Amino acid sequence: MNTTPARPLPRRRSVLAVGGAATAAAALAACSSDSGGGDGGTGASAADFEERGPITLAKGKDTTGKLAEFLESWNSEHPDEEVTLIELPESADEQRQQMLNNAQAKSDAYTVLGLDVVWTAEFAANQWVVELPEDGFPLDELIPSTVVTGTYFDKLYGVPFTTNAQLLFSRTDLLEKAGLDGPPETFEEMYAAIETLQEDDPELLGFGSQYSKYEGLTVQTSSLVASAGGELFDDQGEPHADSSEAIMGLQTVRDGFDKGYIPQEALTYKEEESRQAYQDGRLAFLQNWPYVWALGQAEDGSSKVNGKMVASLVPGFDGPGSTTLGGLNLAISAFAKNKGTAVDFIAFMVDAAQQKNWGLATSQAPANAGVYEDQEMLDAFPFLPQLKEAIDQGSSRPAVVNYGDVTQAIQEAAYGCLSGETEAEAAMTQLQTQLGELAEG
């Protein structure tokens, strides 16, 4: 068990909150007269955590089929405080919309909310979720970087249930052919290996990741900028998209497309398209989420890379890169009843025993640090040490209230560059202007 105290929780500021929390409130109130206002996470009345009774859990569709078993474990021990699952759509955008509708109606239908890690700022600034009592949860047992995703202005609004980080998947047979002793750590090293491999097999595709124009491209862009030592926003909410680091990060992938190290078809890749290309033996290297491992190791004939996979940290520039974190945080609706039960239920779900069981049952990355040292977990998922290191070094997508506008701007700029429509410096300069305008309200 990891009992190392979590580091102090840094602020996660909204673009709109910079210059005064009233700006964030006014901008978001323009979208809805019942938004609940926004005060940057300050000044809100304290929630009542004494009330107990039945609650609900509202989250996206349970594609694992295992959540009902975990809820039954709680319900069997708490017959007067049962949790009822409310399954929302599988699409993250539709989940957010239904939660937003519930909040604007000030409905108590949803108690515990399963929030994407990038929604914290929006939900906290609007007071749609309540500040949580830090002593109600085993925060010192959770990976510090995951706890940060649930904070806003130094206050806790969500507790990480699962986390996620991308890894680089390489083919061991091709590493040997390229003369490498292990997976490449930098883009330069990986591109050199691809060039060597393609001299022998011109049909082999090199590197693939998620470069289609959707949320995955924001993940990739944020990762590239962080790996280059930059940031899209600083901790004061000021954009830095036109920094030399940000331009270099995007330019490196553009170079990969221009020189054939990354196939043009990667402009259509989302998670599944890129995973399938790698699993079919067409790609030498793949950056993707850990779920790829189990599918790639399938022994039913569906994978051509079974027994030939190795996972490592994503490529960087002077060494291994930084991945953008994913995952799910559990928060409590400001309009819910029985918030005391909700606190205890969340604590139950992030307990080490439940985290291990969930990881084994679903292959999803737990937020509890100690689980990564469990031998049963290591036997099932030999890449856990690399995944834990990736999470420790991971970075977040922009923690902004108006995330929808920001991510769309990032996607447009990045796709324009990678597709050859604009050059990296021009794309990121224009993005800087857009983000600056969004920051001003």
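The values are calculated or read from the model by the stated rules, or taken from the named source; none is laboratory data. Quick caveat, the model's predicted, so the values are computed rather than measured. As a convention, Cβ positions derive from the backbone with ideal geometry for all residues, glycine included, and neighbour counts pool all protein chains shown. SASA here: full protein model, heavy atoms, side chains in, ligands and nucleic acids out. Shrake-Rupley method; radii C 1.70, N 1.55, O 1.52, S 1.80 Å.
Averaging Cα coordinates gives a centre for segment 362-441 and one for segment 128-151; these two points are 20 Å apart. In the elastic network of the chain, a GNM with C-alpha springs shorter than 10 Å, the most mobile of Gly327, Gly53, Gly296 is Gly53.
Could you work out how much longer the chain between Leu378 and Glu199 gets when fully extended? Use 0.36 nm per residue separation minus the Cα distance between them, nm to one decimal. Mind showing how you got there, number by number?
Details: separation 179, 0.36 × 179 = 64.44 nm, distance 3.74 nm.
Contour length minus the Cα-Cα distance gives 60.7 nm.
At full extension, Ala294 and Glu238 could sit 16.1 nm farther apart than now, given 0.36 nm per residue minus the alpha carbon distance.
Would you mind working out the accessible area per residue for segment 170-295, using a 1.4 Å probe, and quoting it in Å²?
Numbers: 5030 Å² over 126 residues.
Here the residues of segment 170-295 average 40 Å² of exposed surface.
Using the Cα centre of the chain as the reference point, and only Cβ charges (+1 on K/R, -1 on D/E), how large is the resulting charge dipole? Debye, rounded to the nearest 20.
Working: 26 positive and 68 negative charges, 105 e Å.
Magnitude of the dipole: close to 500 debye.
Ranking Ile346, Gln393, Tyr110 by how far each Cα lies toward the positive end of the dipole of the chain (charges on Cβ) leaves Tyr110 at the top. Per-residue extension of 0.36 nm, minus the Cα-Cα distance of Asp140 and Glu94, leaves a gain of 13.3 nm for this segment.
As a fraction of the 1.4 Å probe accessible area of the chain, surface on carbon and sulfur atoms comes out at 45 percent. The alpha-carbon of Lys339 sits under 12 angstrom from the alpha-carbons of these aspartates and glutamates, leaving out residues fewer than 8 places away in its chain: Asp48, Glu50, Glu51, Glu81, Asp108, Glu131. Shape verdict for segment 299-388, please, from the Cα gyration tensor: rounded (a/c under 1.5), prolate (a/b greater than b/c) or oblate. In terms of gyration-tensor shape, prolate.
Which of rounded, prolate, oblate describes segment 214-255, given a ≥ b ≥ c as roots of the alpha-carbon gyration tensor eigenvalues and a/c under 1.5 marking rounded, otherwise prolate only if a/b is larger than b/c?
In terms of gyration-tensor shape, oblate.
Working from the Cα coordinates of segment 234-284, the gyration tensor eigenvalues give, after taking √(5λ), semi-axes of 29, 15, 8 Å in decreasing order. In this entry, segment 78-165 is assigned a mean projected area of 6.9 nm², taken as a quarter of its C-alpha convex hull surface.
A value for percent of Cα pairs over 40 Å apart was derived from the coordinates, and within the list (1) 39; (2) 18; (3) 36 it appears as (2). Note on the chain: GNM, Cα springs under 10 Å; of Asp374, Asp181, Asp405, the largest mean-square fluctuation is that of Asp181. Under 24 Å Cα to Cα from Lys270, which lysines show up? Leave out anything in the same chain fewer than 8 places away. The reachable lysines, counting only those whose Cα sits under 24 Å from Lys270, are Lys59, Lys61, Lys213, Lys259, Lys304, Lys308, Lys388. Note on segment 196-343: Cα convex hull, mean projected area over all directions, 13.2 nm². Note on the chain: with a GNM built from Cα contacts shorter than 10 Å, the maximum mean-square fluctuation among Val117, Val305, Val219 falls on Val305.
Heavy-atom accessible surface of Trp119, to the nearest 10 Å², is about 20 Å², with a 1.4 Å probe and all protein chains retained. Max-minus-min Cα coordinates of segment 147-212 on each principal axis give 55, 29, 20 Å, with the largest extent listed first.
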